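Structure, as structure tokens:
Only the coordinates and a few stated rules stand behind these numbers; no lab work does. Please read these numbers as outputs of a predicted model, since none were measured by experiment. For neighbour counting, all protein chains shown are included, and Cβ atoms are generated from backbone atoms with ideal geometry for every residue, glycine included.
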Amino acid sequence: MNEKLVQFLPKAELHCHLDGSVPINTLNKLALKTKINQQQLAKVQAPAKCQNLAEYLESFDIILKMLQTTENLEIATFSVIEAAAQENVRYLELRFAPLLHLDQGLSIREVIEAVCSGINKAQKTIPIHVNLLICAMRNHSETDNLALLNQIKGLNEKKIVGFDFAGDEAKVDNQKVAPVVQKAIKNGLEVTLHSGECGCSHNVLEAIHLGAKRIGHGVAIKDDTEAIAICRKQEILLELCPTSNIQTDAIQNWQHYPLQLFLANKIKCCINTDNRTVSNTNLTQEFLKLVQYCDLTISQMAELTLNAVQFSFASNELKMELINEIKQAYRPHIKEI
Ligand SMILES: [Zn+2]
């Protein structure tokens, strides 16, 4: 598989953070607007190898300073979607944490409406389907996260299809955020949780126990046969983000990336960028690296793409439409699809 083919084939992405994926040229414009020294933008791409997740997350500080107005949020959202569509991502689940955008007085409602407005604007002119996941942060208080859930419920926004917890799971694991997750499920939201990103497979099991159908990353289960068996049996999807996992040292290097281990064990997974800009990647590059280092085949790329659609939080109607489109595009390359 060459770059041209990987870019051409229709793709779907379920794990993409808005703030970490704003294209550099857009960040440059936003920096001018917000009077932020352009030199500070040098820090937005995380080092190829960080000491840990916390160091990786430092890149977000400067980006978040530029995403505190409704106008900037809308511009950022539009440009992330535009960039994804340019490499033929046909379905994108964008996620973001509203509580990180309140520093200059915006309300949760205003923040979410700005992002939804960016999505709606993009969908009018760009051929891509986009849904939104709301992230709560592990370092925020239970009261604040429950208030966030109440706001989401009140909005009745169709684009919001799921709920997630992001942040440092080593400090605040899923057991500690259980009441908020349970409330999200009660409110009718689908749940995916960042878990098993820092060597803690117990947190993946806890996420499943709480009702998560998908796991953000989940790579920590690679050394835990019991967790692998549970994920297989319960058909839990792992949203794998290879470059990011290597940067945060969740996985040592590309040669050790456990994709083939997961596929051999019939674990459902899909491939994602996590943060297109902070990780300096896109979905095409993620697949190409997997071809180069993990012997990814075109049939496996099709399987991973179909997994993403099947486990997405999109409507059944849209899933069917996307599955047909993906199969049709792959047909000249794979006999049985
Ligand atoms: Zn993530």
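Which net charge results when you count Lys and Arg as +1 and Asp and Glu as -1 among the other residues whose beta-carbon is under 13 Å from that of LYS121? Show your work: numbers first, answer last.
Values: positive: LYS124, LYS159; negative: GLU71, GLU74, GLU82, GLU113.
That works out to -2.
Using a/c under 1.5 as the rounded threshold, could you call the chain rounded, prolate or oblate? The axes a ≥ b ≥ c are square roots of the C-alpha gyration tensor eigenvalues, and prolate needs a/b larger than b/c, oblate otherwise. Could the numbers behind the result be given before it?
Values: a/c = 1.33, a/b = 1.18, b/c = 1.13.
Since a/c stays below 1.5, the shape of the chain is classed as rounded.
Provide the FRET efficiency to the nearest 0.05 for the ASP103-GLU235 pair, computing r from the beta carbons and using R0 = 41 Å. Intermediate results must be reported in sequence, preceding the final value.
Numbers: r = 40 Å, r/R0 = 0.98.
Result of the calculation: an efficiency of 0.55.
Please list 3J(HN,Hα) in residue order for the range 331-337, calculated via the Karplus relation 6.51 cos²θ - 1.76 cosθ + 1.60 where θ = phi - 60°; whole Hz, with x for glycine and proline.
3, x, 9, 10, 5, 9, 9
I want to verify a result. In a Gaussian network model of the chain, Cα cutoff 10 Å, which of these has the top mean-square fluctuation: ALA184, ALA229, ALA76?
Highest fluctuation among the options: ALA229.
Report, in listed order, any pair from LYS213/LYS266; LYS49/LYS213; LYS65/LYS124; LYS186/LYS213; LYS49/LYS159; LYS268/LYS327 with a Cα-Cα distance greater than 23 Å. The partial results should precede the final answer.
Numbers: LYS213/LYS266 16 Å; LYS49/LYS213 30 Å; LYS65/LYS124 28 Å; LYS186/LYS213 15 Å; LYS49/LYS159 35 Å; LYS268/LYS327 18 Å.
Violating the 23 Å limit, Cα to Cα: LYS49/LYS213; LYS65/LYS124; LYS49/LYS159.
Along Cα→Cβ, 7 Å out, is where each label goes; now give me the distance between the ones at VAL172 and GLU325 in nm to one decimal.
Those two pseudo-labels are separated by 3.6 nm.
Output the relative contact order of the chain, whole-number percent, from Cα pairs under 8 angstrom with separation of 6+ residues.
On the way: 601 pairs, mean separation 71.0, N = 337.
Once normalised by length, the contact order is 21 percent.
How many angstrom lie between the C-alpha centres of the range 263-294 and the range 178-196?
25
Which distance in Å, rounded to a whole number, links the C-alpha centroids of the range 115-161 and the range 95-114?
10
Where is the GNM fluctuation largest for the chain (alpha-carbon springs, 10 angstrom cutoff): CYS200, CYS270, CYS16?
Evaluated over the chain, the most mobile residue of the options is CYS200.
Calculate the FRET efficiency for GLN86 and LYS186 from the Cβ-Cβ distance with a Förster distance of 22 Å, rounded to the nearest 0.05.
Working: r = 39 Å, r/R0 = 1.76.
E between GLN86 and LYS186, to the nearest 0.05, is 0.05.
With each run of n ≥ 4 DSSP H residues scored as -39500 (n - 2.57), what mean residue ellipticity at 222 nm is computed for the chain after dividing by its residue count and rounding to the nearest 500 deg cm²/dmol? Walk me through the numbers before you get to the answer.
Numbers: 15 runs with 160 residues, N = 337.
Mean residue ellipticity, 222 nm, calculated: -14000 deg cm²/dmol.
Could you tell me what percent of the DSSP beta bridges with both partners in the chain are antiparallel, to the nearest 5? Walk me through the numbers before you get to the answer.
Numbers: 0 of 30 bridges.
Antiparallel bridges: around 0 percent, rounded to the nearest 5.
Report the extension gain between THR297 and HIS202 in nm, rounded to one decimal, defined as 0.36 nm multiplied by the number of residues separating them, less their alpha carbon distance.
On the way: separation 95, 0.36 × 95 = 34.20 nm, distance 3.10 nm.
Result: 31.1 nm gained on full extension.
What's the magnitude of the charge dipole for the chain around its Cα centre, counting Lys and Arg as +1 and Asp and Glu as -1 at the beta-carbon? Answer in Debye, nearest 20. Show your work: numbers first, answer last.
Working: 34 positive and 38 negative charges, 126 e Å.
Roughly 600 debye, rounded to the nearest 20.
Quick one: if you stick a label point 7 Å off each Cα along the C-beta vector at SER141 and ILE334, how many nm between them?
So the label points at SER141 and ILE334 sit 5.0 nm apart.
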